[in-house]
Amino acid sequence: MTESWLRLAPGFFALGALAAWELAVRGFGVPVYILPGPIAIVAAFLTDPGGLGGSLLATLTVTLTALVTSAVLGAALAMAMAASRLARAAILPWAVVLQVTPIVAIAPLVIIWVGDPFASLVVCATIVAFFPVFANTATGLAAGAPEYFDLFRLYGASHRDTLLLLRVPVALPYFLAGLRISGGLALVGAVVAEFVTGSGGFASGLAYRILESGYRLEVARMFAALVLLSLAGIVINLALGAFGAAVLRARDGP
């Protein structure tokens, strides 16, 4: 089987699944308010592309802001742990607590404490997206071969030189892998926070459009918003994968 067929296989599978879905809905006469077909979902999007597109842009703004924030915080705290055993003892337990706390449980509190709707959405999404970058970077900073650390000590390298010249280059692939995971989690965190704020009347993002469509029994429009979220997640994942590959190629040289 050629490589081109392997690349086309997901597309053919998706087309077959969509065709079977449409035929099943029409064949069994399923009402559109229970399960709309792909054609009805596309039609629902085309009736309001501006509203759904604007909501997608709002969700992506929160997602990307949270992703950048989580990347900076995760990398900085991981480097602090690598530089100091005291910092590791102080930071690691609280990072684990933050990871295992359900965001849906603390999102209302964050919204009340922060006050500003956009900032509260970013905080919630950052909490969800933070740990993969933090954990992967911390693992990478400790992943250097022991003989390299012995060599740096032999030549009298300082802790700062060891961190910047040995630990950080080794940790770069780990950081990029964590960043790719956090991209999807930032989107999930943004959507969960939008559900909470949307229930409170703050109209922002695709999650609010899903709530709004549910209240109006516009199920096709709800599915259209879900499809946009799924496509956004796929694009974020592919973009971060391409970014990571480009960074590693630039680091390794031609």
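The values are calculated or read from the model by the stated rules, or taken from the named source; none is laboratory data. Everything numeric here is computed off the predicted structure, so don't read it as measured data. Neighbour counts are summed over all protein chains in view; Cβ atoms, including those assigned to glycine, are modelled from backbone coordinates with ideal geometry.
Taking the options 63, 2, 59, 69, name whichever one is modelled with pLDDT under 90 and of a type in the set (Ser, Thr, Tyr).
On the way: 63 fails: modelled with pLDDT under 90; 59 fails: modelled with pLDDT under 90; 69 fails: modelled with pLDDT under 90.
Going through 63, 2, 59, 69 in turn, the sole match is 2.
Select from segment 208-232 the residues that are surrounded by fewer than 17 Cβ atoms within 10 Å (Cβ to Cβ) and small (Gly, Ala, Ser) and write down the one among them that is nearest to residue 53 (Cα to Cα).
My answer is 230.
Check 71, 87 and return the single one that is in a helix (DSSP H, G or I) and over 16 Å from the mean Cα position of the chain (by Cα).
Values: 71 fails: over 16 Å from the mean Cα position of the chain (by Cα).
87 is the lone residue from the list that is in a helix (DSSP H, G or I) and over 16 Å from the mean Cα position of the chain (by Cα).
Residues to consider are 55, 4; find the one that is within 20 Å of the chain's Cα centre (by Cα) and of a type in the set (S, T, N, Q). Before you say what the answer is, go through the steps one by one.
Details: 4 fails: within 20 Å of the chain's Cα centre (by Cα).
After applying the criteria, what remains is 55.
When you go through (1) within 29 Å of the chain's Cα centre (by Cα); (2) modelled with pLDDT of 90 or more one by one for residue 20, which number turns out not to apply?
(1)
Going by the structure shown, is residue 43 closer than 21 Å to residue 214 by Cβ, out of contact with any Leu (no Cβ under 7 Å at 6 or more places or on another chain) and assigned to a helix (DSSP H, G or I)? Even if it seems obvious, please write down each step before you answer.
Details: closer than 21 Å to residue 214 by Cβ: yes; out of contact with any Leu (no Cβ under 7 Å at 6 or more places or on another chain): yes; assigned to a helix (DSSP H, G or I): yes.
Criteria met by residue 43.
Can you tell me how many residues in segment 94-116 are assigned to a helix (DSSP H, G or I) and surrounded by fewer than 15 Cβ atoms within 10 Å (Cβ to Cβ)? Full working, then the answer.
Of the residues in segment 94-116, the ones assigned to a helix (DSSP H, G or I) are 94-100, 103-114.
Retained after the next criterion (residues that are surrounded by fewer than 15 Cβ atoms within 10 Å (Cβ to Cβ)): 94, 96-97, 99-100, 104-105, 109, 112-113.
Selection size over segment 94-116: 10.
With respect to residue 184, is the statement that it is under 27 Å from residue 123 (Cα atoms) and either part of a loop (DSSP other than H, G, I, E, B) or within 15 Å of the chain's Cα centre (by Cα) (or both) true?
Yes: the conditions hold for residue 184.
What number of residues in segment 46-56 are part of a loop (DSSP other than H, G, I, E, B) and either surrounded by fewer than 11 Cβ atoms within 10 Å (Cβ to Cβ) or in contact with a Cys (Cβ under 8 Å, 6 or more places away or on another chain) (or both)?
Step one: filter segment 46-56 for residues part of a loop (DSSP other than H, G, I, E, B), giving 48.
Those left that are additionally either surrounded by fewer than 11 Cβ atoms within 10 Å (Cβ to Cβ) or in contact with a Cys (Cβ under 8 Å, 6 or more places away or on another chain) (or both): none.
Counting residues in segment 46-56 that are part of a loop (DSSP other than H, G, I, E, B) and either surrounded by fewer than 11 Cβ atoms within 10 Å (Cβ to Cβ) or in contact with a Cys (Cβ under 8 Å, 6 or more places away or on another chain) (or both) gives 0.
One residue is enough: does segment 11-28 have a residue meeting the conditions part of a helix (DSSP H, G or I), in contact (Cβ under 8 Å) with a residue 24 or more places away in the chain and surrounded by 15 or more Cβ atoms within 10 Å (Cβ to Cβ)? Before the answer, list the steps.
Our first condition is that a residue be part of a helix (DSSP H, G or I); within segment 11-28, this holds for 11-28.
With the extra rule that they be in contact (Cβ under 8 Å) with a residue 24 or more places away in the chain, the set shrinks to none.
No, there is no match, as no residue in segment 11-28 is part of a helix (DSSP H, G or I), in contact (Cβ under 8 Å) with a residue 24 or more places away in the chain and surrounded by 15 or more Cβ atoms within 10 Å (Cβ to Cβ).
Going by the structure shown, is residue 41 within 18 Å of residue 193 (Cβ to Cβ) and surrounded by 13 or more Cβ atoms within 10 Å (Cβ to Cβ)?
Values: within 18 Å of residue 193 (Cβ to Cβ): no; surrounded by 13 or more Cβ atoms within 10 Å (Cβ to Cβ): yes.
The answer is no for residue 41.
Residue by residue through segment 142-160, note down the ones that are closer than 26 Å to residue 69 by Cα and either among the hydroxyl-bearing types (Ser, Thr, Tyr) or more than 31 Å from the chain's Cα centre (by Cα) (or both).
Looking only at segment 142-160, we keep the residues that are closer than 26 Å to residue 69 by Cα, and these are 142-143, 160.
Selection gives 160 alone.
Consider residue 209 against the criteria (1) assigned to a helix (DSSP H, G or I); (2) over 23 Å from residue 117 (Cβ atoms); (3) over 15 Å from the mean Cα position of the chain (by Cα): it satisfies all of them except one. Which criterion is unmet?
So residue 209 meets the others, but not (2).
For segment 69-83, indicate whether the set of residues that are among the β-branched types (Val, Ile, Thr) and under 30 Å from residue 251 (Cα atoms) is non-empty.
Keep residues of segment 69-83 that are among the β-branched types (Val, Ile, Thr), which gives 69, 72.
Filter once more, so that each one left must be under 30 Å from residue 251 (Cα atoms): 69, 72.
Checked against the condition, which is being among the β-branched types (Val, Ile, Thr) and under 30 Å from residue 251 (Cα atoms), segment 69-83 yields at least one hit.
Name the residue that is farthest from residue 104 (Cα to Cα), counting only residues in segment 117-160 that are among the small types (Gly, Ala, Ser) and part of a helix (DSSP H, G or I).
Applying the first criterion (among the small types (Gly, Ala, Ser)) to segment 117-160 yields 119-120, 125, 129, 135, 138, 140, 142-145, 156-158.
Cutting the leftovers down to part of a helix (DSSP H, G or I) gives us 119-120, 125, 129, 135, 138, 140.
On the way: 119: 16, 120: 13, 125: 11, 129: 14, 135: 22, 138: 27, 140: 30 Å.
The qualifying residue farthest from residue 104 (Cα to Cα) is 140.
Looking only at residues that are of a type in the set (Ser, Thr, Tyr) and either touching a helix residue (DSSP H, G or I) at 6+ places or on another chain (Cβ under 7 Å) or surrounded by 12 or more Cβ atoms within 10 Å (Cβ to Cβ) (or both) in segment 136-169, which one is nearest to residue 80 (Cα to Cα)? Explain how you work it out, then say what you get.
Step one: list which residues in segment 136-169 are of a type in the set (Ser, Thr, Tyr), which gives 137, 139, 148, 155, 158, 162.
Then keep just the ones that are either touching a helix residue (DSSP H, G or I) at 6+ places or on another chain (Cβ under 7 Å) or surrounded by 12 or more Cβ atoms within 10 Å (Cβ to Cβ) (or both); that gives 137, 139, 148, 162.
Details: 137: 11, 139: 13, 148: 20, 162: 13 Å.
Ranking the candidates gives 137 first.
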